[in-house]
Amino acid sequence: MLERPKGALERYREEMKYHTAIAELLRREGPKNIPEIAEALGIHPAEAMLYVMGMWRYGKVEALPKGRRERYFQYGLREEG
């Protein structure tokens, strides 16, 4: 049986659920890269990237400086100021 496509409201609710989960993860454990976030939430890294970039766009997270030997950027919560 085919699932019906998600409506805008369902997609928004799902996105907010993951934004909250990512914020809680970063608050609890500190900065993480996309593969670490994806593994912690049990989702594909591409999906984690989509949610993190949405949070970045609205100033909720920031990319931290990347060392020369680091493969991925780490993301942390932005300080409310």
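The values are calculated or read from the model by the stated rules, or taken from the named source; none is laboratory data. These numbers were taken from a predicted model, which means no experiment stands behind them. Using ideal geometry, Cβ is built from the backbone for each residue, glycine included, and neighbour counts are taken over all protein chains shown.
Points worth noting:
- Going through (1) under 14 Å from the mean Cα position of the chain (by Cα); (2) surrounded by fewer than 11 Cβ atoms within 10 Å (Cβ to Cβ); (3) assigned to a helix (DSSP H, G or I) one by one, Gly59 falls short only on (3).
- Residues within segment 1-58 that are hydrophobic (A, V, I, L, M, F, W, C) and touching a His at 6+ places or on another chain (Cβ under 8 Å), tallied: 2
- The single condition from (1) surrounded by fewer than 15 Cβ atoms within 10 Å (Cβ to Cβ); (2) part of a loop (DSSP other than H, G, I, E, B); (3) of a type outside the set (D, E, K, R); (4) modelled with pLDDT of 95 or more that Ala46 fails is (2).
- Pairing residues of segment 60-81 that are over 15 Å from Arg27 (Cβ atoms) with residues that are surrounded by 10 or more Cβ atoms within 10 Å (Cβ to Cβ) and charged (D, E, K, R), at Cβ distances under 8 Å and at least 6 apart in sequence or on separate chains, gives Tyr72/Lys66; Phe73/Lys66.
- Given (1) small (Gly, Ala, Ser); (2) modelled with pLDDT under 95; (3) closer than 15 Å to Glu24 by Cα, index of the condition Ala40 fails: (2)
- Among all residues of segment 9-28, there is at least one that is at pLDDT below 95, loosely packed, with under 11 Cβ neighbours inside 10 Å and more than 22 Å from Arg78 (Cα to Cα).
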